[in-house]
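One structure is given below, encoded as structure tokens.
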Amino acid sequence: MTKIHELETTRLRLRQWIDADKVPFAQLNADVRVMEFFPNTLSKLRSDAVATQIQHAIAQNGWGFWAVDVKGKHPFIGMVGLNRPAYELPFGPCVEVGWRLGYSYWGHGYATEAAKAAIAFGFETLNLEEIVSFTALVNVRSQAVMERLGMMRSPNTFNHPSVKKGSLLEEHCLYTLTQKDWQPVTERPFKSL
């Protein structure tokens, strides 16, 4: 049986999904502000299918896009974690760090805090050589998070294979961080639960 890893930071808990997460996940996937740089918002049916797929991936691998709680305050604010993209990318195969939080939780540093823990887990526990992140060129907010994570932007862009040709969202930028360039902090940014 695969050990399911869960992480804890100062303010956050990154954990396996539960059925109660599906309603708030569907709400954030239906929010045009949250989904501004994705091709579409998601219906409740599609959102539930994505949540189930993520939950199964964590059960199979022991890690993935974890559900995120703010300890003692909010039981589900979104997802943050690591993923192996299923589609072909010019720099793949790879492991990406990604996040999607409810709009009311933006601006509190939660994405950066949780992503730092996910990256540390990826390098320390999974012994990954490199972690990537990518987003539409127009998504400067996510690029700012990638820079706060210490990731370096590649000079080359690419057209995302899952985005409609000619879309404003088609051209993506790539950020990378190697284990060699990663600077672990003196105190671990997470503890395993």
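The values are calculated or read from the model by the stated rules, or taken from the named source; none is laboratory data. On a predicted model such as this, the values are computed, not experimentally measured, just so you know. Note that we place each Cβ from the backbone using ideal geometry, even for glycine, and neighbour counts take in every protein chain shown. Side chains are part of the model used for accessible areas, which takes the heavy atoms of the whole protein and leaves out ligands, DNA and RNA. Shrake-Rupley method; radii C 1.70, N 1.55, O 1.52, S 1.80 Å.
Of note:
- The set of residues in the stretch 1-26 that are open to solvent by 50 Å² or more (accessible area, probe 1.4 Å) and closer than 14 Å to residue 67 by Cβ comprises 4, 13, 18, 19, 20, 23.
- Of the residues 109, 102, 78, the single one that is touching a Pro at 6+ places or on another chain (Cβ under 9 Å) and on the phi > 0 side of the Ramachandran plot is 78.
- Test: residue in the stretch 170-191 that is in contact with a Phe, Trp or Tyr (Cβ under 7 Å, 6 or more places away or on another chain) and among the polar types (S, T, N, Q): yes
- Taking the stretch 28-44 as the range and being outside any helix (DSSP H, G or I) and open to solvent by less than 20 Å² (accessible area, probe 1.4 Å) as the test, the residues that pass are 34, 35.
- Candidate set from the stretch 72-88 (those that are touching a strand residue (DSSP E or B) at 6+ places or on another chain (Cβ under 7 Å) and over 19 Å from residue 57 (Cα atoms)); member that is surrounded by the fewest Cβ atoms within 10 Å (Cβ to Cβ): 75
- In the stretch 157-169, the residues that are farther than 18 Å from residue 91 by Cβ form Cβ pairs under 8 Å with partners that are among the acidic types (Asp, Glu), at six or more places apart or across chains, as follows: 164/170.
- Condition check for residue 72: out of contact with any Lys or Arg (no Cβ under 6 Å at 6 or more places or on another chain) and assigned to a strand (DSSP E or B): no
- Selection of strands (runs of 3 or more DSSP E) fully inside the stretch 79-193 by the criterion of at least 1 residues being under 27 Å from residue 24 (Cα atoms) returns 96-101, 130-136.
- The residues of the stretch 45-71 that are open to solvent by less than 70 Å² (accessible area, probe 1.4 Å) and charged (D, E, K, R), listed by number, are 48, 69.
- Taking the criterion of being in contact with a Cys (Cβ under 8 Å, 6 or more places away or on another chain) and open to solvent by 80 Å² or more (accessible area, probe 1.4 Å), the only residue of the stretch 145-173 that qualifies is 153.
- Long-range neighbours under 7 Å by Cβ, at least six apart or interchain, first residue touching a residue at least 40 places away in the same chain (Cβ under 8 Å) within the stretch 32-43, second open to solvent by 80 Å² or more (accessible area, probe 1.4 Å): 33/103; 34/103; 39/164
- Number of the exception - residue 25 against (1) touching a Ser or Thr at 6+ places or on another chain (Cβ under 9 Å); (2) part of a helix (DSSP H, G or I); (3) more than 15 Å from residue 99 (Cα to Cα): (3)
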